[in-house]
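Okay, so here's the structure we're looking at.
The values are calculated or read from the model by the stated rules, or taken from the named source; none is laboratory data. Predicted model, so just to flag it, every value in this text is computed and none were measured. Glycine also receives a Cβ, built like all others from the backbone with ideal geometry; neighbour counts cover every protein chain displayed. Protein only, heavy atoms only, side chains kept; ligands, DNA and RNA dropped before computing areas. Shrake-Rupley method; radii C 1.70, N 1.55, O 1.52, S 1.80 Å.
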Protein chains: 4
Amino acid sequence: MTSPRRAPAAARRSEATRRAILDAALDLAAEVGYARLSIEAIAARAGAGKQTIYRWWPSKGAVLFDALLALSDGADGPAELPDTGDLEADLKAVLRATVEEFADPRVSEPMRALSVEVLLDERLAAEYRERLDGPVRAMKLRRLQAAREAGQLAPDADLDIVLDMIWGPVRDRWLYREGPLTADFADAVVETALDGLRPRP
Amino acid sequence: MTSPRRAPAAARRSEATRRAILDAALDLAAEVGYARLSIEAIAARAGAGKQTIYRWWPSKGAVLFDALLALSDGADGPAELPDTGDLEADLKAVLRATVEEFADPRVSEPMRALSVEVLLDERLAAEYRERLDGPVRAMKLRRLQAAREAGQLAPDADLDIVLDMIWGPVRDRWLYREGPLTADFADAVVETALDGLRPRP
Amino acid sequence: MTSPRRAPAAARRSEATRRAILDAALDLAAEVGYARLSIEAIAARAGAGKQTIYRWWPSKGAVLFDALLALSDGADGPAELPDTGDLEADLKAVLRATVEEFADPRVSEPMRALSVEVLLDERLAAEYRERLDGPVRAMKLRRLQAAREAGQLAPDADLDIVLDMIWGPVRDRWLYREGPLTADFADAVVETALDGLRPRP
Amino acid sequence: MTSPRRAPAAARRSEATRRAILDAALDLAAEVGYARLSIEAIAARAGAGKQTIYRWWPSKGAVLFDALLALSDGADGPAELPDTGDLEADLKAVLRATVEEFADPRVSEPMRALSVEVLLDERLAAEYRERLDGPVRAMKLRRLQAAREAGQLAPDADLDIVLDMIWGPVRDRWLYREGPLTADFADAVVETALDGLRPRP
DNA sequence: TATTAATCGAGACGGTACGTCGAGTCTTTAC
DNA sequence: GTAAAGACTCGACGTACCGTCTCGATTAATA
């Protein structure tokens, strides 16, 4: 049984060229932004032929996808979120790190570019959820699960929604440039989410 | 005090053509999606010359912007969110309405198209926040303010963050197509946000 | 019986605007050449509305036509070619004057522009022959006629062709920029035409 | 020594497309005339992309130029004018052929279009003289030279001017539509030029 | 002298074509 | 067989003018 066959035989593929293309995509996204990010420019910057890109990736978004995947694989972040026992502190630390990442154009701009592609391309969106967002989300859920088991979260909380309530505001503020994206903001989000909105008795 | 003067004298402007262009933009966005939404197509559909669009709008995003503005002006929704005294019920009602809007391609597709433009164009983003998102946001804040004064929200809650925690998850789920966007989901979000994440004593 | 009525009642016509338009046409032709000579530019330069041009002239060529007509009316050259009795000397004098006119961009460039219009527009060509070229040609023919009667030209010469043989080479050299357009060239043309090509016994 | 390099590497150039474009240019010029001859129309008729035209030719005039060059290369007319020993007869034959060519819209209309371009574009004019008009002119001069050596032309005649005196009137009459362009007219021009204007003793 | 109708400047309008960019496909040559 | 190179068709971009069409605001002949 063969795999869905989404690319030609990878055996002869040039790894150097592959890396050059992903690097060029990242660099160009950071430099000129999504609007001016063209396949032609990526190929030229990478010293590759256009066809080489089309041979291995179905779309510009897919290139960005792999480029960002390579970026995070390279960093090879911890497979798990920190668990010091103090949920609030741990979440603040992680969210502050996220805020810092968004401040780095080398990450932020390709991410924005990929976001646009994902917003427009349902197939890419599915792949994005599965391969990029998914694992991170699962990791976050595991930490929340642990917290719930430790009695730090309401036992009946819908953890998916909890997750969106914590990371969503940060992502939105970045995506729509809705306000300053600072560590203080990250802290405030965590506190507000944990305490809930109703007055405590 | 004069405005920044971003367009020629509006006196002679043809209202019929303006409407035709906005309608065409809305129709086309709903029909073919952002990817295939071109100024040329809008002009052709509207029976207008391209130059007429360029005369009055600086970008495709600006057209979409006005088109959606006109759509909501037309609806001329309530200037205030409902206030029955029951915050939870009111929020659920509003959020369910939002979910329903997202289900209508005539609203959802132009909105997605505008979102993409806003994500990419800082100037448009500023205008978006000021003229489209801003008033709605202010209205939401007023309702939360009233709730806080009525003792239904923690007195020290940062209402901006509260707002993002409630509407953010819905918008994100729509934007990234992260899961089914249902009335139940809207209810769950409101409940989770209000109750907070920590276990109640 | 009414005239062909090719323009509205001229009574109220603004003479100042008419002059401004013709001047602007001449100036612009001399400055930027035919390629960049647009009705919009003429109107702007003249401080006139486009419609004022369209009201009185059917085409850009017609404007140029009138502009050049006004130019030569202004000069109001002699109604007849000089006749000193010496045909060769007279022709040389006239042809040298023509050469000099072609060297003046204020005449040459509008003329070139008009030529292009005439080449392309049969109706304009007819009017050109009748009202601009015609009178000049008739004048030339009268001088040649006089010369023939004075026994200085072969009695059976076709004067129309003679005329083309004398002025044609000068106009062609100007039109196609085929070589230096000098007084010497004018002299040589006259001499060659008069002497004929066959060896004299 | 390298050429001025005015176009990309011609190695990969599609000959079929090149022919299709030149043919389309010729056809359209003959059909709709210069005024309506657009690059877009040529591309559409040729089934080519506009960019392919812009890649290889700098202007519409250059396309027409090559098209007419191909036309005459195709005909591959005699490398020399006929020389029966009878100059008058030979010139009449050639001039009659010219008159006939002008009567064929498939030649005449593209020629008129090219003329307009040449009139307006000095660079094109230079190329025109060098590559289209030049060789023909040299051929004509050789025939006149031979005639002069055979004692059929005045030994001191300026052959360039002679040439203009013979072919100029025909071209002018065509260009400006100044009168019927017939074989008789061609004959009369040759006779008048040869006999000269002065009365023969 | 006041009326009134045509002309005026201005410029928006629906169009056509421009010349450029990039998309995605195809072909040729080198490795 | 992959890769670099780059020509190809196609579609859209944003711009320049076209010729037509209103708009008040002159303005000049008529009442």
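Residue B:93 meets the stated requirement of being without any contact (Cβ under 8 Å) to a residue 60 or more places away in the chain and not assigned by TED's automatic domain parsing to the domain that holds residue B:22.
Regarding residue A:177, is this residue part of a helix (DSSP H, G or I), at the interface with chain B (Cβ under 8 Å from one of its Cβ atoms) and open to solvent by 20 Å² or more (accessible area, probe 1.4 Å)? For residue A:177, the condition - part of a helix (DSSP H, G or I), at the interface with chain B (Cβ under 8 Å from one of its Cβ atoms) and open to solvent by 20 Å² or more (accessible area, probe 1.4 Å) - is not met.
Please determine, by comparing only the residues of the range C:182-196 that are more than 9 Å from chain D (Cβ to nearest Cβ) and buried (at least 19 other Cβ atoms within 10 Å of the Cβ), which one is nearest to residue C:98 (Cα to Cα). This residue is C:186. Residue C:114 fulfils the conditions (1) at pLDDT below 90; (2) open to solvent by less than 50 Å² (accessible area, probe 1.4 Å) except for a single criterion, (1).
For the range C:162-189, what are the residues that are under 22 Å from residue D:173 (Cβ atoms) and charged (D, E, K, R)? C:164, C:171, C:172, C:173, C:177, C:178 - these are the residues of the range C:162-189 that are under 22 Å from residue D:173 (Cβ atoms) and charged (D, E, K, R). Taking (1) charged (D, E, K, R); (2) surrounded by fewer than 21 Cβ atoms within 10 Å (Cβ to Cβ); (3) facing chain B (nearest Cβ under 10 Å) in turn, residue A:106 satisfies each apart from (3).
Among the residues of the range D:49-58, none qualifies, meaning not one is touching a residue at least 60 places away in the same chain (Cβ under 8 Å) and buried (at least 17 other Cβ atoms within 10 Å of the Cβ).
Could you say which residue among D:70, D:62, D:29 is within 14 Å of chain C (Cβ to nearest Cβ), in contact (Cβ under 8 Å) with a residue 40 or more places away in the chain, of a type in the set (A, V, I, L, M, F, W, C) and surrounded by 15 or more Cβ atoms within 10 Å (Cβ to Cβ)? Exactly one of D:70, D:62, D:29 is within 14 Å of chain C (Cβ to nearest Cβ), in contact (Cβ under 8 Å) with a residue 40 or more places away in the chain, of a type in the set (A, V, I, L, M, F, W, C) and surrounded by 15 or more Cβ atoms within 10 Å (Cβ to Cβ), namely D:29.
Only residues that are open to solvent by less than 30 Å² (accessible area, probe 1.4 Å) and part of a helix (DSSP H, G or I) were counted in the range B:141-174, giving 16.
The residue that is farthest from residue B:15 (Cα to Cα), among those in the range B:25-60 that are touching a Lys or Arg at 6+ places or on another chain (Cβ under 8 Å) and of a type in the set (Phe, Trp, Tyr), is B:34.
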